[in-house]
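Input: a single structure, listed below in C-alpha cells.
The values are calculated or read from the model by the stated rules, or taken from the named source; none is laboratory data. Because the structure is a prediction, the values reported are computed rather than measured. Positions of Cβ are generated from backbone atoms using ideal geometry, with glycine treated the same way; all protein chains shown enter the neighbour counts. For the accessible areas, the whole protein counts, side chains as well, though only heavy atoms, and no ligand, DNA or RNA atoms are used. Shrake-Rupley method; radii C 1.70, N 1.55, O 1.52, S 1.80 Å.
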Amino acid sequence: MTGAPDIAIDVKGLTKSFDGRVVVRDLSMQVKRGSIYGFLGPNGSGKTTTIRMLCGLLTPDSGEGTCLGYNIRTEADQIKRHVGYMTQRFSLYQDLSVRENLEFVARIYGLNAPVKSAREIIDRLGLHGREEQLAAQLSGGWKQRLALGACTLPSPQLLLLDEPTAGVDPKARREFWNEIHALANDGLTVLVSTHYMDEAERCHEIAYIAYGELLTHGTVEEVIEQSKLITYKVSGDDLQKLLHQLDGKPGVDMVAPFGTSLHVSGRDEKKLEAAIKPYRADKKFVWTRSEPSLEDVFIELMNRSKDNFQ
Amino acid sequence: MLSVLRQPGFWRRVRAMLTKEFIQLRRDRVSFAMIVMIPVMQLVLFGYAINTTPRNLPTAVLLQETSDVGRTILAAIERTGYFKITHRLSSAEEFDQVLASGRVLFAIEIPAGFERALRRGDMPALLVAADATDPVASGTALGSLNRIVQLALINERMLPDQTQPLFEIRSHARYNPAAVSSLNIVPGLVGTILTMTMLIFTALSVTREVERVTMESLLSMPISPLEIMVGKIIPYIMVGFTQAALIIGFGVLLFGVPILGNLLLLALLSTLFIATNLSIGYSFSTVAQNQLQAIQMTFMFFLPNILLSGFMFPFAGMPGWAQWIGEALPLTHYLRIVRSIMLKGSGFAELQYEVLALFVLMLVAMTIAVTRFRRTLD
C-alpha cells in the first residue's frame, strides 16, 4: 500500500489517446476516502475514459497513481476486487432475472453465501416482487437500481459511477442520491460522473473536466469562488434582444438565459460594469448582482478552455 | 405494385440506401473477404482437391513368397492407377492391424506357393482385403481388379495356356461388406453436425458479450480470461454430448449402424472432439469484431471441414496439399475415430495419432483464445 491511508484515489498526469486523438491530458486528482466526488464535464470530455483508467479497464499512455492504494498499472486485479464500477450503459445480463444477475455477481466475487447476499441487496434496494423479472423488462429507473445493487453487492470500498442517473426520472434520481449518501455514510468512497448541476451540488467535492483536462476542483463553494466570476441577473422584457447586444462585448465573458432571467457574467469587474452601464439605465430591465451559479462557472470554464484549444 | 416505382423520388431514395449499403460493406473487411474467398475456395477445392474416383490409394502388401509372377501381378495392380503400395508387411497380424488403423485402404496378400500352384494350373488365389467403410473410395478400385486377372501375365512366357485365367483374386470388403453407404454416412454425420453446432455456440459467446456491453462489466470484475473461457465451454460440452448421443442412437436404431468398438472410448473421444471444436469457435469469438464476423469465420472454417475431411469425398483420393490441410482439421481426425470405433471395432491403440492431433488442435485454439482475449478495453 502506498499513498496516504485517507486518500482513495491518487493519480498524477494521466494521459490517454485513441488513434492519435488525446482524450485525457495530464489529469491529476485526489479523492478522500468516504467522500462523494462529483465528476463533471460535457460529453466526450474524457470522464468515462478517466473512470476506466481508474479501475484498470484502460491502460494510461502515461501517468501513474493508485486506487485504494493499489497501482492502477500493475495491480488491476486487486483494484477489481475492491471497486464497484457502474457502466454508463446497462451492462448486466438482459436475459437473466434480477436475482440471477445478482447471484452471478456474488459468485464471481466469491462471496460465501451468494444467494443470501443477493436477497439482502434485493431487500435493501426495494427490488422485492421484481426479483424474478428479466433485467430486459425493467424500466430505466429499476435497471439503474439493479446496476447499483450489483456493484455494491461485493461490499466494495470505492464506487465508480459513470453517469448513473442519465435518463432517469427526478424521483428515482433523488432516491438514488439518498442511497449514495447512505453508502458514503458507511465509509464508502464514491466517484460519480454527471451532467446535472443539482447532483453536483450534492457532492462533497467536484471536479470539472473539459477536452480531457481537469479545469477546476474543490467544494462547490470553492469552485465558484475560484472562478472569480461576477454575475448579474437581469429580468424584464425583450431579454433575447439584450442577449444579442451584450454577447461578445469586451468584458462580458458569458450571457445565458435562465428561465425568465438572463445571467451576464465577466471575470473583470471593471470591464463588465463598463459594458453593461448603458443598459442598466434602461427602465425595462431590473439588474441585480448575484452569486454565479455552478452552471455559469462551468460554461464559462468550457468556453475559456475551448479558446485555448482552438 | 408498379405504381410504387413512379412515386417521385423513388430512385433517389433507393440510391441513398444502396450507397449506404456499399459504404458499410466496404468498412466490413471480413464480409468483403468472404465475397472473394468463398467462391475461390469452393472452386479450388472442388476443382483440384476433390476426386470421386480416387487414385493412388494407399495399399499394403504381404508377400509370403518372393516370385517373379507375384511381382508382375503387383506391378499390374499398381499400373491400374488406383493402388499405390505404401507398406510392406511381414505378418498376418500386421495385415489386420494396418487395415484397422486406417493407414491403408487395401491390403494384398500373395500366399506361399503361389507361383508353383500357378504353373501347375491350380488356379491359386490372391487375397485383396479392402477397407470398405467408405464404399465410394474402395468400390472403383476393387472393380478394376477383374481386368488384372485377364491381362497381368499375358507377357509372361513359359506359363501354361492362357485362354483361361491362371489365378483368381479374392477380394474381401471388410467392415462394410454390403457397401451400405449409410454405414459410412451416419458416423460421418455425427462429426459434421457436431462441428457446425459447437462452432456456432462458442463463436458467438464473446462477441455477444461485447456487443451487449456486458463485457465491460465482466472485465471490471475479478475473473480471469481462462476462467471465462472454461466457464463458457463446459456447458456446451454437455450440449454436444447430448447431440452426439442422439445422432448415434438414431443411427443405430434407424439405420442399423453397428457399434463394434468400445462405447466408453467413443464417448470419451467424442467429448475430446466436442471440446476441440468449442475451443476453435471460442478463439474465433475472441478475434471477431462482431457476431456477423464470427458467423462468417465459422462458415469459412466449416467449408473445408466438410470438403477436405473425408466426409463427402474420399480423403485418400485428394492430392497431397489438400491432405495436409485436411490433417489440420478436427473433423478429419474425428471421422477416422468414429468410423474406426463403430465400424471396425478399433481400440485406443490404433487411434493414438488421431487423439494426439485433436489434443494439439484444441491446445492451439485455446492458446490463441486466451492470448487474444482483451482484458482491457484499449
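General remarks:
- Reported count of residues in segment B:220-277, each being closer than 16 Å to B:Thr202 by Cα and either in contact with a Phe, Trp or Tyr (Cβ under 7 Å, 6 or more places away or on another chain) or among the hydrophobic types (A, V, I, L, M, F, W, C) (or both), is 18.
- In the set A:Thr219, A:Thr165, A:Thr189, only one residue is hydroxyl-bearing (Ser, Thr, Tyr), without any contact (Cβ under 8 Å) to a residue 40 or more places away in the chain and touching a Phe, Trp or Tyr at 6+ places or on another chain (Cβ under 9 Å); that residue is A:Thr165.
- Scanning segment A:82-106 for residues that are in contact (Cβ under 8 Å) with a residue 40 or more places away in the chain and either within 8 Å of chain B (Cβ to nearest Cβ) or open to solvent by 20 Å² or more (accessible area, probe 1.4 Å) (or both) yields A:His82, A:Val83, A:Tyr85, A:Thr87, A:Gln88, A:Phe90, A:Ser91, A:Leu92, A:Tyr93, A:Gln94, A:Asp95, A:Val105.
- A residue that is of a type in the set (D, E, K, R) and without any contact (Cβ under 8 Å) to a residue 40 or more places away in the chain occurs nowhere in segment B:329-339.
- Among (1) assigned by TED's automatic domain parsing to the domain that holds A:Gly46; (2) out of contact with any Cys (no Cβ under 7 Å at 6 or more places or on another chain) - the single one A:Ser235 does not satisfy: (1)
- Taking helices (runs of 4 or more DSSP H) as the structural unit, those lying wholly within segment B:90-144 and holding at least 2 residues that are touching a Ser or Thr at 6+ places or on another chain (Cβ under 6 Å) correspond to B:135-143.
- Residues of segment A:1-51 classified as among the aromatic types (Phe, Trp, Tyr) and surrounded by 19 or more Cβ atoms within 10 Å (Cβ to Cβ), total: 2
- Candidate set from segment A:135-150 (those that are in contact (Cβ under 8 Å) with a residue 40 or more places away in the chain and out of contact with any helix residue (DSSP H, G or I) (no Cβ under 8 Å at 6 or more places or on another chain)); member that is most open to solvent (accessible area, probe 1.4 Å): A:Ala136
- Qualifying residues in segment B:176-228 (those that are within 14 Å of chain A (Cβ to nearest Cβ), outside any helix (DSSP H, G or I) and free of Cβ contacts under 8 Å to residues at least 40 places away in the same chain) - the one surrounded by the most Cβ atoms within 10 Å (Cβ to Cβ): B:Ser220
- Filtered by the rule that a residue be within 9 Å of another protein chain (Cβ to nearest Cβ) and open to solvent by less than 10 Å² (accessible area, probe 1.4 Å), segment A:57-78 gives A:Leu57, A:Leu58.
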